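Undergrad: Quick one: the structure is below, questions incoming.
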Amino acid sequence: MLVVAAAGFALLTGCAQVKLAPPSASIENVQLAKSSGIGPVAVETFTPAAGVPKSVDQALSIRSNTFFSPYDSSFSKYLQEALSVELRSAGLLEPKSGTVIGGQLTKSTVEAGASQGTATLGARFKVSKGGNTLYDKELVENDSWESSFVGAIAIPAAVNHYTALYRRLVERLLKDEAFKSAVKP
């Protein structure tokens, strides 16, 4: 109880360092993956794209609060896990598959202004099979919402909107016709 109170106080005073919760599968994405006709795939380690500052991959600052990924403090690895969780839940993650999905984090921003919040998440996804690249495309998700001057309202809202972008980016990938064609058995 004391830890929860201390974390709440830290958020209110603007000095917290908070690890994001691990991503969880969504019913919508699991059903989408199952019905898409894709075959079993492997997911390799995701990395930040060339030219993306290391700091973009390591931490987000929302009103002086620092948020980081539970996976080596890497948002690219958080995206890798978000995709893996959805595929694993759909029964489509097979580490020994010859079809491999890779990715590079290209964008990761969040702002919690006094009246408007915004967030962007982007990644370049690649699918390869037998050393041949079958898919190579950058996908980007954006969000905006009504924010608040009050940090205790604005900060959790910003985190929720930002982390929802991971699920939405995976959904966009699973709906992409060129991607579905590349990962068909």
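Every number in this text was worked out from the coordinates using simple rules, so none of it is lab data. On a predicted model such as this, the values are computed, not experimentally measured, just so you know. Note that each Cβ is placed from the backbone with ideal geometry, even for glycine, and that neighbours are counted across all protein chains shown.
Undergrad: With a Förster radius of 22 Å, plug the Cβ-Cβ distance of ALA178 and LYS34 into 1/(1 + (r/R0)^6) and report the FRET value to the nearest 0.05.
TA: The formula returns an efficiency of 0.65 here.
Undergrad: Add -39500 (n - 2.57) for each DSSP H run of 4 or more in the chain, then divide by its residues: what number comes out at 222 nm, to the nearest 500 deg cm²/dmol?
TA: Helices in the chain give a 222 nm mean residue ellipticity of -12000 deg cm²/dmol.
Undergrad: Given a Förster radius of 35 Å and the C-beta distance between ASP72 and THR109 as r, what FRET efficiency does 1/(1 + (r/R0)^6) yield to the nearest 0.05?
TA: Between ASP72 and THR109 the formula returns 0.95.
Undergrad: With an 8 Å Cα cut-off and a minimum separation of 6 or more residues, compute the relative contact order for the chain in percent.
TA: The value is 24 percent.
Undergrad: Taking the Cα centroid of the range 38-106 and of the range 137-185, what is the distance between the two, rounded to the nearest whole Å?
TA: Rounded to whole Å, the Cα centres lie 13 Å apart.
Undergrad: Along the Cα→Cβ direction, 7 angstrom out, place labels at GLU94 and ASN132. What is the inter-label distance in nm?
TA: 1.9
Undergrad: Now for a separate question. Run the dipole for the chain about the Cα centre, Lys and Arg Cβ at +1, Asp and Glu Cβ at -1, nothing else charged, and hand back the magnitude in debye, nearest 20.
TA: Once rounded to the nearest 20, the dipole reads 340 debye.
Undergrad: Nearest 10 degrees is fine. How inclined is helix 151-175 to the longest principal axis of the chain, computing both from alpha carbons?
TA: Between helix and principal axis, roughly 10 degrees.
Undergrad: When only C-alpha pairs under 8 Å and at least 6 residues apart count, what is the relative contact order of the range 18-88, in percent?
TA: 46
Undergrad: Still on this structure, please answer the following. Describe numerically, in nm with one decimal, the distance between label points set 7 Å from Cα along Cα→Cβ at ILE153 and at ALA50.
TA: So the label points at ILE153 and ALA50 sit 4.6 nm apart.
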